[in-house]
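Have a look at the structure below, then the notes.
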């Protein structure tokens, strides 16, 4: 059973005392205004303390969830009423000052719940119209502030322009045609918070810090993904030689794989996540360049030695995985008896001579075998992710 409600004073103030329809309120002196404002802040602190106590003093998750949802819905109802009261006041007087403070305090309490106790809320619920209007107004101001901060940074300017346009377009959808849910609002609010903390540093790397943030936040906007892949393509296409292009492409892929995404968040749930879409783009580009290198025209005339080297090169398979990562796959294949040999050493001895990486043409089978026993956590994660992509691809055949 849900217990506890400490909003009574604020509730009465908003729904009765300051409601022009129910009460003809006249606050005449500065002392009266100050007294009410102080009491509003005191009540806000009281509610804030009650919310925190609810979470830390109760052991029953169901009760905590029920109370947090009750606080959240009650605060939204109060916000709606306060905004309605404000709209009915024509003069810019003392009542307006008090209502402005109340709206600010309610917004602060809602922010506390939505940032610290999101897991207890029903994020799939519809966002009330008034709450959405307040959020849109707040977001417009925040985006404008961030824009001024990042505008002078060339590394961020174009990418942020895409982000700003996407967020504004998303929130400008007609309310009669699109129903917003709290999950979407919370995502945008968290993204804005991260953008506000982003340092305007002139990055000279493949991915800017803004790119890292958007990858981490799984900002899977089609416009941004197109912008990112086009920029990567331009960077790679500046190189003439196909082999050097491949090196650059694999280097960009390696960097991309190192960026993690926060679990359970996504900008557009209806589309595949950013990591999957960009990884697919890399896969197609690598495949294209491999074919281009393989079918390159070799001059008829030439010394015997280069031809032998060329023939030897053709026998090797180029892998985008590192030596350590391939070692894990071969060891697992042996342990599961997917490949059969006299020993694990024999598996590596017969397969490794035909493998290469962009950074190592000739790989020692003995060294690779040794590395299969001392794998790093990151290598395990990359191998696991690669196998998942293979499983997904096989299921699509």
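Data for the structure
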read-out: Acute angle (nearest 10 degrees) that the helix 304-315 long axis makes with the longest principal axis of the chain, alpha-carbon atoms; value: 50
read-out: Relative contact order %, the chain, counting alpha carbon pairs below 8 Å whose residues are six or more apart; value: 11
read-out: Kirkwood hydrodynamic radius of segment 8-121, Cα pairs, Å; value: 14.9
read-out: Distance (nanometres) between label positions extended 7 Å along Cα→Cβ at residue 341 and residue 164; value: 5.8
read-out: Residue 126 versus residue 58: modelled label distance in nm, points set 7 Å from Cα along the beta carbon direction; value: 2.6
read-out: Alpha-carbon spread of segment 132-294, three principal axes, descending order, Å; value: 58, 33, 25
read-out: Candidates 218, 268, 238: whichever shows maximal mean-square fluctuation once the chain is modelled as a Gaussian network with Cα springs under 10 Å; value: 238
read-out: Hull volume in cubic angstrom per residue (convex hull over the Cα atoms of segment 88-153); value: 148
read-out: Of 293, 215, 188, the one that fluctuates the most in a GNM where the chain has Cα springs shorter than 10 Å; value: 293
read-out: Between segment 197-244 and segment 22-66, the Cα center-to-center distance that results, in Å; value: 46
read-out: Volume in Å³ per residue [convex hull over Cα atoms, computed for segment 304-396]; value: 122
read-out: Correct choice for percent of Cα pairs over 39 Å apart that was computed from the model, options (1) 8; (2) 42; (3) 34; value: (2)
read-out: Most mobile of 32, 290, 199 in a GNM of the chain (Cα contacts under 10 Å); value: 32
read-out: Rounded tilt (10° steps) of 182-197 against the dominant C-alpha axis of the chain; value: 80
read-out: Förster-model FRET efficiency, 45 Å R0, residue 332 and residue 196, C-beta, rounded to 0.05; value: 0.50
read-out: Förster-model FRET efficiency, 22 Å R0, residue 270 and residue 389, C-beta, rounded to 0.05; value: 0.55
read-out: Calculated FRET efficiency for the pair residue 222/residue 172, C-beta based, R₀ 22 Å, to 0.05; value: 0.80
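Each value in this text was obtained by applying a stated rule to the coordinates, not by laboratory testing. Since this is a predicted model, take the numbers as computed values, not measurements. Because the Cβ atoms are built from the backbone with ideal geometry, glycine has one as well, and the counts that use them run over all protein chains shown.
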